[in-house]
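Structure first, commentary second.
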Amino acid sequence: RIVYVNGEYVPEEEAKISVFDRGFLFADAVYEVTTVLDGKLCEFEGHCARLQRSTAELEMPLPWSREELLEIHRELIARNELIEGMIYLQVSRGAPADRDFHYPEAGTQPSLVMFTQAKSLVDNPSAARGNKVISVEDIRWARRDIKTVQLLAASMAKMQAEAAGADDAWFVQDGLVNEGSSNNAWIVTKQGTLVTRDLSRLLLPGITRASVLKYAEAAQLKFEERPFTIAEAQDAAEAFSTSASAFVMPVVEVDGVSLGDGTPGPVTKRLRELYIDESR
Ligand code: PDD
């Protein structure tokens with residue numbers, strides 16, 4: 001696999017990052033995961049805009065234009081002959097001479113790392129079955145609207161889910177669902193209304209979430225952006241999660257309670273199809 005590191009395309013074994021890189025030492029880095037379908041990038045504009053926002057919120061320099069980033073994405077797809085999968089992008093505040101909590105002086109070059117990951121996304125057996133989720137306490141920091149690489153809480157949540165025989169975890173705070181471990185959380189009420197939590201610092205503004213809201217509106221589905229509880233999710237007709245890597249992923253069980261007949265629901269299936277069709 002050919003990866004991109006600070007201006008160079010190199011075989012992955014030859015890629016190098018300094019041990020003083022602040023992404024490595026302080027998780028002082030932000031990232032994006034962009035889907036590739038049929039060899040084409042999906043939703044690049046949305047991911048690029050969110051990257052620009054994440055870096056701006058952290059006062060991190062981003063010395064690459066939208067056009068330059070797009071060009072690197074395209075080059076990686078071509079060099080790796082990627083048909084379906086993801087492109088991972090990470091920008092860190094770079095590698096100053098020493099470990100220091102303070103941001104480095106202006107002039108330290110940020111690090112940009114990008115790689116591809118081939119994966120079958122449309123024909124995903126989990127989407128046919130639907131995921132079982134458990135709720136976990138949201139122990140993450142308070143700026144989840146910034147897409148930083150501090151993902152240990154998400155890893156811990158996924159391990160907890162696995163240990164409980166589930167597929168994923170939803171983060172709950174003060175009795176309300178913020179989002180999934182690496183996705184946004186949704187329910188479809190028995191009245192057929194889509195519900196997902198309103199945006200704030202508590203959760204990531206998902207690019208897939210925004211598109212699904214747009215498609216739901218176009219399809220004249222009712223939706224509400226508001227918090228919901230685990231009890232409301234357990235009483236819902238359907239549930240699902242959204243992310244660049246899983247699109248619209250059915251959720252069929254919440255903390256051991258099956259939703260509907262325990263299989264992916266019709267609204268979820270329709271939104272998944274709509275999303276995939278629109279992305280192609
Ligand atoms: N995760 N919420 C969290 C905490 C996420 O990590 C993600 C994405 C999302 C969905 O965002 P989007 O629709 O823009 O992918 C919501 C990526 C895919 C990951 O970490 O692999």
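Please treat every number below as a calculation from the coordinates, not as lab data. Worth saying up front: this structure is predicted, and the values here are computed from it rather than measured. Here the Cβ is made from the backbone with ideal geometry for all residues, glycine too, and neighbour counts use every protein chain on show.
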*For the chain, what is the charge dipole size about the Cα centre, in debye to the nearest 20, if Lys and Arg each add +1 at the Cβ and Asp and Glu each add -1 at the Cβ?*
300
*Take peptides 220-227, 22-29 and line them up by average Cβ neighbours within 10 Å, highest first, as a rough protection proxy.*
22-29, 220-227
*Nearest 10 degrees, 0 to 90: helix 66-79 Cα axis against the chain principal axis*: 80
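Rounded to the nearest 20 debye, what is the charge dipole size of the range 154-252 about its Cα centre when +1 sits on each Lys and Arg Cβ and -1 on each Asp and Glu Cβ? Intermediate values should be presented prior to the final figure.
Details: 8 positive and 12 negative charges, 47 e Å.
Dipole magnitude for the range 154-252 comes out near 220 debye.
Ranking PHE247, PHE240, PHE20, PHE101 by Cβ neighbours within 10 Å, fewest first, what do you get?
Final ranking by Cβ density, sparse to dense: PHE101, PHE20, PHE247, PHE240.
For a test of the definition: using alpha carbon positions, the gyration tensor, and the 1.5 limit on a/c, classify the range 105-220 as rounded, prolate or oblate.
Rounded shape, in that the Cα axes give a/c under 1.5.
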*Between ILE134, ALA233, ALA106, whose Cα lies farthest towards the positive end of the dipole of the chain when Lys and Arg beta carbons carry +1 and Asp and Glu beta carbons carry -1, centred on the Cα centre?*
ALA233
_Can you order the peptides 175-183, 117-125 by their average number of other Cβ atoms within 10 Å per residue, highest first?_
175-183, 117-125
*Return the calculated 222 nm mean residue ellipticity for the chain, to the nearest 500 deg cm²/dmol, obtained by summing -39500 (n - 2.57) across DSSP H runs with n ≥ 4 and dividing by the residue count.*
-8500 deg cm²/dmol
*Provide LYS214, LYS132 in ascending order of the number of other Cβ atoms located within 10 Å of each residue's Cβ, fewest first.*
LYS214, LYS132
*Using only Cα atoms, tell me the angle between helix 152-163 and the longest principal axis of the chain; keep it within 0 to 90° and round to the nearest 10.*
40
*Starting with the highest mean, order 63-72, 142-151 by the number of other Cβ atoms within 10 Å, averaged over the residues of each peptide.*
142-151, 63-72
*Using only Cα atoms, locate the centre of the range 1-19 and the centre of the range 40-76, then give the distance between them in Å, rounded to an integer.*
18
*asked:* Can you tell me how the chain classifies by the Cα gyration tensor, rounded, prolate or oblate, using a/c under 1.5 as the rounded cut?
replied: prolate
